[in-house]
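Below: one structure, written as structure tokens.
The values are calculated or read from the model by the stated rules, or taken from the named source; none is laboratory data. Please read these numbers as outputs of a predicted model, since none were measured by experiment. In case anyone asks, the SASA skips ligands and DNA or RNA and just uses the protein heavy atoms, side chains included. Shrake-Rupley method; radii C 1.70, N 1.55, O 1.52, S 1.80 Å.
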Amino acid sequence: MRVLAICPHFEPDTAPTGVVMTRIVRELLGLGVDVDVVTSLPWYRNHAVEPEWRGKLMQRTTEPGLTITRLHPFPSDKGNLVARSVSFGAFTVEAAAWAVVRGGRPDVVFAMSPPITLGMAGYLAAKRWRAPLVFNIQDVFPDAAVASGTITNQRVIRSAERLERSLYRKSAAVTVLSEDLAENVGNKLGRSGRDPGRSPRIEVIPNFVDTQAIQPADRATSYRDEFDLGDRVVVMYAGNVGHSQPLDLVLAAARHYRGRDDVVFVINGNGSERERLEAAAHDLTNVRFVDFQPAERLNEVLASGDIHLVLLHEGMAAASVPSKMYSILAAGRPILASVDRGTEVQRTLEASNGGIATDAGDTDGFHRSLALLIEQRERRDEMGTAAREWVEQWHAPRQVAEQYLALFAAVQGHQK
């Protein structure tokens, strides 16, 4: 089988979706699948093409069974929505053009969102090569952007919703990360539940957890030394610092604990909200802002936190499942989440006993739960142990790749 994968990021880019797609592709190669990847030049870390990749609009690399075509992403000001939309549009045009003219007919086209526009590139390639399109949804757009307040213009929202529904209907299958997202997509298509006999079929294929790469480790790390964290209780948010995450919760908690020298708060990541948050925290000596760390340092970063935060604005959890949740559980660390009630994050924490989920918008509940975890180290340790034991039963990378391969074979067979 030959698969054409169109995605916004791929190794060595550090974006979480790039990590996911890279590992899926590598596992598919191990299952005997040939893969052509169309993606961007690495740019996620600093929102600019990495120095060693500059100088060309396109670079192509090959290895047995795998061809990777990296195109210029035209990165823009991450805080400027219009500029970002133009950048996404330009990259989508590039990706579509290359996917349509490249040599060799794929058996399946596999496109990833966000950005939602890559679904159009996938559709055009699928139509050109008379191949089925499998549309992989990591976050439901525009729902996630609307819930976070990133998009407020009703005309833009309606246009995005029309594009979204159109792309679902043009797909042979739509894959999502949870039952919440499956219900969301099903509702957009005017139906409930998943029915493999209907088109498009909606499949839940969760992201994997690499329990070999991520292991529980000693909390006394070089990361703690580097950022002057000492032996204090570290409350950590690690991830994108953007509009989707209510990180003012972290600053409010830090103000409450500013008189204690045994607790410190860490915001590890970059994004459009970081500059504002740093300005708001100028008088807080118990808050550390740390840049994104290299992928090879992930295990150490996770081990350095005593309590990890998973935060989503109200309405977001039905459109997004933070992949970092599973990495934190694999590292054997407890999670404190602020998310919508009854969604995947809350269900996972309850099933694993690996943390506490408070309702999005319930600031008092969040602070009460944080206080409990800060004061009760034994409970933190118990949650961390339970989290690791639970996640070891979760989907491994090879299992996830096998699910995708089975779906590819099913839609290919249906196409013939």
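Shape class of the stretch 122-230 from the alpha-carbon gyration tensor: prolate, with a/c at 1.5 or above and a/b greater than b/c. For the stretch 89-142, the carbon plus sulfur part of the accessible surface works out to 67%, probe radius 1.4 Å. When the surface is traced with a 1.4 Å probe over the full set of protein chains, Lys324 keeps roughly 50 Å² accessible. Projection of the Cα convex hull of the stretch 182-265, averaged over all directions and equal to a quarter of that hull's surface, yields 9.5 nm². What does the C-alpha gyration tensor say about the overall shape of the stretch 42-149? Classify as rounded when a/c is under 1.5, otherwise prolate if a/b is larger than b/c, or oblate. Oblate. Per-residue surface analysis assigns Ser199 an accessible area of about 90 Å², computed on protein heavy atoms at 1.4 Å probe radius. Surface composition of the stretch 302-416: carbon and sulfur atoms hold 45% of the protein heavy-atom accessible area at a 1.4 Å probe. When the Gaussian network model of the chain links Cα atoms closer than 10 Å, the mean-square fluctuations of Ala279, Ala396, Ala254 top out at Ala279.
Take every Cα pair under 8 Å whose residues are at least 6 apart in sequence, average their separation, divide by the length of the chain, and the relative contact order is 14 percent.
Test of understanding: in a Gaussian network model of the chain with alpha carbons linked when under 10 Å, which of Ala90, Ala99, Ala318 would top the mean-square fluctuation ranking? Taking springs between Cα atoms under 10 Å, the residue moving most is Ala90. Using only alpha-carbon positions in the chain, the gyration tensor eigenvalues give semi-axes of 36, 22, 21 Å once each is multiplied by 5 and square-rooted (largest first). Per-residue SASA remark: Arg224, around 10 Å² accessible (1.4 Å probe; ligands, DNA and RNA not included). From largest to smallest, the equivalent ellipsoid semi-axes obtained for the stretch 146-296 from the alpha-carbon gyration tensor read 40, 22, 12 Å. A P(r) calculated from all alpha carbon pairs of the stretch 220-349, with 5 Å bins opening at zero, reads 2, 11, 21, 24, 22, 14, 6, 1 percent. Largest mean-square fluctuation among Leu118, Leu71, Leu189, in a Gaussian network model of the chain whose springs join Cα atoms under 10 Å apart, belongs to Leu189. Coordinate range of the alpha-carbon atoms in the stretch 363-410 per principal axis, descending: 51, 25, 9 Å. Once you have a ≥ b ≥ c as the square roots of the Cα gyration tensor eigenvalues for the stretch 1-99, tell me rounded if a/c is under 1.5, and otherwise prolate or oblate according to whether a/b is larger than b/c. Verdict is prolate for the stretch 1-99.
With the convex hull drawn over the C-alpha atoms of the stretch 275-416, the volume per residue is 168 Å³. Rolling a 1.4 Å probe over the heavy atoms of the protein chains gives the chain an accessible area of 42 Å² per residue.
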